[in-house]
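Chemist: Pasting a structure below so you can have a look.
The values are calculated or read from the model by the stated rules, or taken from the named source; none is laboratory data. In this text the structure is predicted, and so the values were computed from the model without any measurement. For neighbour counting, all protein chains shown are included, and Cβ atoms are generated from backbone atoms with ideal geometry for every residue, glycine included. Only protein heavy atoms, including side chains, enter the accessible area calculation; ligands, DNA and RNA are left aside. Shrake-Rupley method; radii C 1.70, N 1.55, O 1.52, S 1.80 Å.
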Amino acid sequence: MNSYHHDYQASLDQPEQFWLAQARRLDWFQFPTRGLALDEKGFHRWFPDGQLNTCHLALDVHVANGRADQPALIYDSPVTGRKASFTYAQLLDAVARFAGGLASLGLQKGDRVVIYMPMVPESAIAMLACARLGLIHSVVFGGFAAHELAIRIDDAQPKALLTASGGIEITKKIEYGPIVAKALAEAHHHPDHVVMLARPEIPFASQPASWLDWNDLANSEPAACVPVLATDPLYILYTSGTTGKPKGIIRDHGGHAVALRYSMEVIYDTQPGDVFWAASDVGWVVGHSYIVYAPLLTGCTTLLFEGKPVKTPDPGTFWRIIEEYKVNVLFTAPTAIRAIKKEDAGGQHLSRRDLSSLRYLFLAGERCDVATYEWASDLLKVPVVDHWWQTESGWPMIANLAGYGLVPTKPGSVSFPVPGFDVRILAPDGSECEANEEGAVVIRLPLPPSCLPTLWGNDDRFRAGYLERFPGYYLAGDGGFKDDDGYFYLTGRIDDVINVAGHRLSTAEMEEVLAAHPAVAECAVIGIADTLKGQVPVGLVILKEGHTLSPHELEVELVRNVRDNVGAVASFRRALVVERLPKTRSGKILRKIMRAIADKQPFAMPSTIDDPSILDEIRETFLREGVGE
Ligand code: COA
Ligand code: AMP
């Protein structure tokens, strides 16, 4: 293997040759003659004339090459008490049959399929079945409410919607049926088919007669893989932006497969046959890339876990799973580790388990505080690697690349750019920042394979949101700096996106809900630091004259409205009445100033949002500082 420096330089100097060499490791139906091209819109596209199929690479290839009896997917669900294991041959059979069922509904290459499902094997089966037929899946996280589902249905215009009767949050049963029915009633677009997986734990008595049963499709005649162009979309994954409307990130088949296969080796130091566990949800990009696609493209065993790091049943669940399935690599969000640490600071549960199989813990999704990093390193006694990426990239952009040999870690740093990513830090005037000077994190174009080519149905928003601020660069939306040794540090979002328990959310979406309340004259939602979830949203509202609700009554209503419209996952629990908000002369609310205030001591990371003194402090600070210009 070449050194990191060799490969990094080669990936920037000769990107086409570099990525074509990586592409050769996959089994294409037609190998691309070109690495990179500009399409008619002027966007970069990887491997434009190559033909392949992601499901073929993830399943068929391994069955044909001697992995038929190796576990491909292990399901462990402490919330239902169920466990299951699928070999590569069994998973291929299940996927090909379900794909046959989808084909029997008349679905064809390029049709969209929305998947609103909990963490059950059928979710991964559905994603792979779509990939098999060249259908474009769009998975919507189960913690989003009906309105969010409706927005995505209208944007993706799916021919089919796949769902289950519900999900289980520790002990609470979340019925999906009524949520889906409400979303369909709100959406302007109507999918031709709704397919529901009936879970025995969550019966759905009022299922409309037109909805199909999952099992009617699951036993169909197996369907073969449909060859697709490398540039054809594999999926659309909606993510939060700076407006209330989520952005449909497009992922293509070819670049995605090439980048993910490469990432498993060089970033995660993982080989075929290893057991890889991404403790996330298929509704997020981590779940797409590292629960479903990357481990299977690599011939690993992937783990699909339905539960929480704590309370299902205790803070020892992660360690039990590592021991039971001999997990080699664990990937999760720092929040999950903080949750375990909170309940088992001394690591009692961990000390009872044999974790000798574990080689690395990878963390991403939000800033990792040094205390959490050190706690995990001390107890696990394996390298803990913080790395940075986004839904837009689909794979890590800055990391300590274990496959090339780890460099010494620096607490708080995400280390060095991954080959293919020419990461720079720019000042507002577009000049490059000096070492240790904070600026906008950008990536010089072209972006490497797997990164979004554009947004679904919205090229203008893609250009305006990512490409126009600094011509020639992709604007990541994060702030950061580089130290004297070239290590990168992230300092937080520079826009109105917040990260709550590793979940990316838009404050603008929540503001829309608050603003719709008849008693609210003006409002702003900001993320404030929280010891468990990293950030939590807080609403600041100015009341209309003549309203009759008390601040407490109003807060109760606003909290309920955000829960009903955005979803429980927003963790929106507080709305404070304030007299003023900082504004420009033209009356625009200065969110940037509010973010800066919110980041300031004393309420940066000292406690949780439930602490009344913290809330008083926020209110006081805003009253003090929210005096116009
Ligand atoms: N379906 C329905 N509801 C969901 C949901 C889902 N898939 N996921 C979360 N929710 C609900 C929760 O039940 C909770 O509801 P509540 O307000 O009624 O209690 C709410 O959304 C907030 O969820 P969460 O922020 O996850 O808080 P939590 O207290 O349930 O759990 C952690 C806290 C830290 C244990 C949990 O967030 C976690 O495991 N995080 C790991 C992060 C992660 O996987 N990130 C993905 C990117 S790597
Ligand atoms: P998502 O698109 O949901 O993966 O969220 C991406 C955002 O999460 C990034 O833009 C960052 O703001 C944040 N993020 C992801 N990984 C890290 C990390 N390792 N350190 C700091 N922030 C991170």
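Chemist: Which one of these does SER550 not meet: (1) within 13 Å of ligand 2 (Cβ to nearest atom); (2) open to solvent by 40 Å² or more (accessible area, probe 1.4 Å)?
Modeler: The one condition SER550 does not meet is (1).
Chemist: Right, here's the next one. Being away from ligand 1 (no atom under 16 Å from the Cβ), touching a Ser or Thr at 6+ places or on another chain (Cβ under 8 Å), over 19 Å from GLY100 (Cβ atoms) and open to solvent by 40 Å² or more (accessible area, probe 1.4 Å): is that true of ALA198 here?
Modeler: yes
Chemist: Any residue at all in region 449-460 that is open to solvent by less than 40 Å² (accessible area, probe 1.4 Å) and over 30 Å from ASP154 (Cα atoms)?
Modeler: The answer is no; no qualifying residue exists.
Chemist: Taking TRP388 as the residue in question, decide whether it is touching a strand residue (DSSP E or B) at 6+ places or on another chain (Cβ under 6 Å), touching a residue at least 12 places away in the same chain (Cβ under 8 Å) and open to solvent by 50 Å² or more (accessible area, probe 1.4 Å).
Modeler: Considered against the rule, which asks whether it is touching a strand residue (DSSP E or B) at 6+ places or on another chain (Cβ under 6 Å), touching a residue at least 12 places away in the same chain (Cβ under 8 Å) and open to solvent by 50 Å² or more (accessible area, probe 1.4 Å), TRP388 comes out as no.
Residue-by-condition table, conditions (1) among the hydrophobic types (A, V, I, L, M, F, W, C); (2) not in a strand (DSSP E or B):
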position	(1), (2)
SER356	no, yes
LEU406	yes, yes
PRO411	no, yes
SER415	no, no
PRO419	no, yes
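Chemist: GLU511 is checked against (1) within 23 Å of GLY527 (Cβ to Cβ); (2) among the acidic types (Asp, Glu); (3) part of a loop (DSSP other than H, G, I, E, B) and fails just one. What number does that condition carry?
Modeler: Every listed condition holds for GLU511 apart from (3).
Chemist: Moving to a separate point now. With the condition being open to solvent by 30 Å² or more (accessible area, probe 1.4 Å) and over 27 Å from THR239 (Cα atoms), I'd like the strands (runs of 3 or more DSSP E) fully within region 79-162 carrying at least 3 qualifying residues.
Modeler: Ranges flagged: 82-87.
Chemist: May I pose another question? Could you identify the single residue in VAL559, VAL566, VAL513, VAL538 that is open to solvent by 30 Å² or more (accessible area, probe 1.4 Å), within 16 Å of ligand 1 (Cβ to nearest atom), closer than 27 Å to GLY283 by Cβ and of a type outside the set (Lys, Arg)?
Modeler: Among VAL559, VAL566, VAL513, VAL538, only VAL559 is open to solvent by 30 Å² or more (accessible area, probe 1.4 Å), within 16 Å of ligand 1 (Cβ to nearest atom), closer than 27 Å to GLY283 by Cβ and of a type outside the set (Lys, Arg).
Chemist: If you check ILE528 against the conditions, is it in a strand (DSSP E or B) and either surrounded by fewer than 20 Cβ atoms within 10 Å (Cβ to Cβ) or touching a Leu at 6+ places or on another chain (Cβ under 7 Å) (or both)?
Modeler: no
Chemist: So for region 337-351 (the condition being away from ligand 2 (no atom under 16 Å from the Cβ) and hydroxyl-bearing (Ser, Thr, Tyr)), does at least one residue qualify?
Modeler: yes
Chemist: Note down all Cβ pairs under 8 Å where the first residue falls in region 531-544 and is within 18 Å of ALA333 (Cα to Cα) and among the small types (Gly, Ala, Ser), the second is in a strand (DSSP E or B) and modelled with pLDDT of 90 or more, and they're at least six residues apart or on different chains.
Modeler: From region 531-544, the pairs are GLY534/ASN499; GLY534/VAL500.
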